[in-house]
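Each remark here refers to the structure printed beneath this line.
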């Protein structure tokens, strides 16, 4: 279980302090798939980075299974079972995909195991397993490889920052299956996703709406989603929900 207690985050901007998150309190229980959505600039990615340990809060505490991890680095949090997939994945010149998956798993997994993780994210394993994780890969390919590393690590808390970015439609549908599979196959694990996509919102156990750095709404999907899309049920023909400044528009 991850718990945020009165967490705030501010940065210096043009000699003035700009508050990104304001007194956020939030609890994500074990075995839950939670999607955080809301207007652009509302602090969603910042919240994900704070939980992962990429950033440190200006005030407040972050507890993981009852332990205060507020001051721990991203490496130390990873050792405790928190996995994080960046919105813009990092490139690693000189490291092959197989090596990266082995590093993520923390053990000498076989090439067959590595291929299985790649197939799950919609990549042809034989074309990628020996590739370097460098500039020769597109943004979408990097995104899928990074998601594969999270699968290999099998963390107790997986955080995905806009995983749909740069993903084609076929791979996006496959990605939904990956998330559903993670929820079913990794007992007790929790998944936290930052997303505007209606299809991802529709598989959530809980939805958190973050607006202007504060939690504007938090509850079960069936309570929150209808209000976001402005109808009593999801619109199956629409593939994406775009959250605008003051409203959510269904395209």
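The values are calculated or read from the model by the stated rules, or taken from the named source; none is laboratory data. Owing to the predicted nature of the structure, the values given are computational and were not obtained by experimental measurement. Positions of Cβ are generated from backbone atoms using ideal geometry, with glycine treated the same way; all protein chains shown enter the neighbour counts.
Let's see how each residue does on (1) buried (at least 18 other Cβ atoms within 10 Å of the Cβ); (2) modelled with pLDDT of 50 or more; (3) within 22 Å of residue 176 (Cβ to Cβ):
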{"site": "200", "(1), (2), (3)": "yes, yes, yes"}
{"site": "217", "(1), (2), (3)": "no, yes, no"}
{"site": "220", "(1), (2), (3)": "no, yes, yes"}
{"site": "223", "(1), (2), (3)": "no, yes, yes"}
{"site": "229", "(1), (2), (3)": "yes, yes, yes"}
{"site": "245", "(1), (2), (3)": "no, no, no"}
{"site": "249", "(1), (2), (3)": "no, no, yes"}
Residue among 25, 45 that is assigned to a strand (DSSP E or B) and either out of contact with any helix residue (DSSP H, G or I) (no Cβ under 7 Å at 6 or more places or on another chain) or modelled with pLDDT under 95 (or both): 25
Filter result (at pLDDT 85 or above and over 20 Å from residue 162 (Cβ atoms)) within the stretch 79-94: 79, 80, 81
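Looking only at the stretch 107-134, filter to residues that are assigned to a loop (DSSP other than H, G, I, E, B) and under 21 Å from the mean Cα position of the chain (by Cα); which one of those is nearest to residue 79 (Cα to Cα)?
Looking at residues that are assigned to a loop (DSSP other than H, G, I, E, B) and under 21 Å from the mean Cα position of the chain (by Cα), I get 121.
For the structure I just gave you, tell me whether residue 208 is surrounded by 14 or more Cβ atoms within 10 Å (Cβ to Cβ), at pLDDT 95 or above, under 29 Å from residue 58 (Cβ atoms) and within 20 Å of the chain's Cα centre (by Cα).
yes
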Residues within the stretch 174-229 that are assigned to a loop (DSSP other than H, G, I, E, B) and closer than 28 Å to residue 10 by Cα, tallied: 5
